[in-house]
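A.B. asks: Have a look at this one.
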Amino acid sequence: MQIKELEKWIDEINFLVSKNFGDKNDEASLTVRMVLKIGEEFGELSEAALFEMGSQRKSKQDKFEQDLFKKELADVIVSALTLARYKGYSLEELLVDKLRYVQERFEQEK
């Protein structure tokens with residue numbers, strides 16, 4: 001899938017999601033809601049990491065799914081990309097700029 005196709009798909013999902021928030025549909029409310037959603041998903045990813053390490057109590061560890069970390073990581077990524085598109089950011093520009101920054105920073109530290 002190309003980035004433009006991904007953006008279009010995310011935009012369609014954002015439209016559907018925004019219709020479900022009733023009167024709290026203003027930009028500030030939706031932005032905060034999306035940021036909080038990323039926090040929620042990150043918490044679930046953190047819990048999945050504890051499962052992978054075997055650091056959960058036995059009653060929880062017994063319910064561990066093999067793909068849990070992968071699923072929760074995808075939730076964090078999708079939530080972040082959804083917020084980026086809602087804010088009108090180009091995913092390609094956003095990702096390329098950040099990857100260049102990271103690469104340049106680490107090349108300087110050699």
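A.B. asks: Can you name every residue in the stretch 41-55 that is exposed (fewer than 13 other Cβ atoms within 10 Å of the Cβ) and either hydroxyl-bearing (S, T, Y) or modelled with pLDDT of 90 or more (or both)?
C.D. replies: G43, S46, S55
A.B. asks: Would you check if V76 is among the β-branched types (V, I, T) and either touching a residue at least 60 places away in the same chain (Cβ under 8 Å) or surrounded by fewer than 11 Cβ atoms within 10 Å (Cβ to Cβ) (or both)?
C.D. replies: no
A.B. asks: Take the residues in the stretch 39-64 that are touching a Phe, Trp or Tyr at 6+ places or on another chain (Cβ under 8 Å) and not in a loop (DSSP other than H, G, I, E, B); name whichever of them is nearest to V76 (Cα to Cα).
C.D. replies: L45
A.B. asks: Report, ordered by the first and then the second residue, all pairs with beta carbons closer than 9 Å, sequence separation of six or more or different chains, a first member in the stretch 87-110 that is closer than 20 Å to I3 by Cα, and a second member that is acidic (D, E).
C.D. replies: K87/E27; S90/E7; L91/E7; E92/E7
A.B. asks: Same structure again: Take the stretch 65-75 and flag every residue that is farther than 21 Å from I10 by Cα and in a helix (DSSP H, G or I).
C.D. replies: The answer is L68, F69.
A.B. asks: Do we find a residue being under 22 Å from E7 (Cα atoms) and surrounded by fewer than 17 Cβ atoms within 10 Å (Cβ to Cβ) anywhere in the stretch 56-72? Break it down into steps so the answer makes sense when it comes.
C.D. replies: Within the stretch 56-72, the first condition is being under 22 Å from E7 (Cα atoms), and the residues that meet it are 70-72.
Filter again for surrounded by fewer than 17 Cβ atoms within 10 Å (Cβ to Cβ), leaving 70-71.
Among the residues of the stretch 56-72, at least one is under 22 Å from E7 (Cα atoms) and surrounded by fewer than 17 Cβ atoms within 10 Å (Cβ to Cβ), which makes the answer yes.
The values are calculated or read from the model by the stated rules, or taken from the named source; none is laboratory data. These figures come from a predicted structure and were not determined experimentally. Here the Cβ is made from the backbone with ideal geometry for all residues, glycine too, and neighbour counts use every protein chain on show.
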